[in-house]
């Protein structure tokens, strides 16, 4: 089996377990970490869209089953996987020059990766909290939850990327 597929399978299992344990964490009553979306952000860009969407949907569905959230994470993860490729192309236009484009700090550089990751985390958080609230009645709280959760998730994903990435990957 391909080394990348084994790494992604192991990362899938670990991140789902961590997310199931961390889903009830509310930092200051507003910030929830979403570490499991790191796998969706890290999937190779050259993979077919059907594979990416399937992995994202299954991952979101598993998190939904364990956290008793009726399809919210599955929806948001699937949409995140659909938005991933155009947002990657927005910040990294040289996709055709890369052999194995796994988005991380080592392959994209810190600035491009931070923009790519921050945009996708903000999209995910916005979708999730708008679906969860399903109203704009208490919009200041919803905006605080989106901002705080996005910031916490970005910090955790940067830390996770520094642990997972290898220095052998070529930089653009």
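Name every residue in the range 86-105 that is out of contact with any helix residue (DSSP H, G or I) (no Cβ under 7 Å at 6 or more places or on another chain) and modelled with pLDDT of 85 or more, in order of residue number.
Answer for the range 86-105, where residues must be out of contact with any helix residue (DSSP H, G or I) (no Cβ under 7 Å at 6 or more places or on another chain) and modelled with pLDDT of 85 or more: 86, 90.
Determine if the range 137-158 includes at least one residue that is outside any helix (DSSP H, G or I) and over 21 Å from residue 36 (Cβ atoms).
The initial filter retains those residues of the range 137-158 that are outside any helix (DSSP H, G or I), namely 137-138.
In the following step, the residues that additionally are over 21 Å from residue 36 (Cβ atoms) were identified as 137-138.
The answer is yes; a qualifying residue exists.
Return the pair list, or none, for Cβ contacts closer than 9 Å from residues in the range 60-82 that are free of Cβ contacts under 8 Å to residues at least 12 places away in the same chain and on the phi < 0 side of the Ramachandran plot to residues that are assigned to a loop (DSSP other than H, G, I, E, B) and surrounded by fewer than 18 Cβ atoms within 10 Å (Cβ to Cβ), at least 6 apart or on different chains.
64/70; 64/71
The values are calculated or read from the model by the stated rules, or taken from the named source; none is laboratory data. Owing to the predicted nature of the structure, the values given are computational and were not obtained by experimental measurement. Cβ coordinates were reconstructed from backbone atoms using ideal geometry, including for glycine residues, and neighbour counts include every protein chain displayed.
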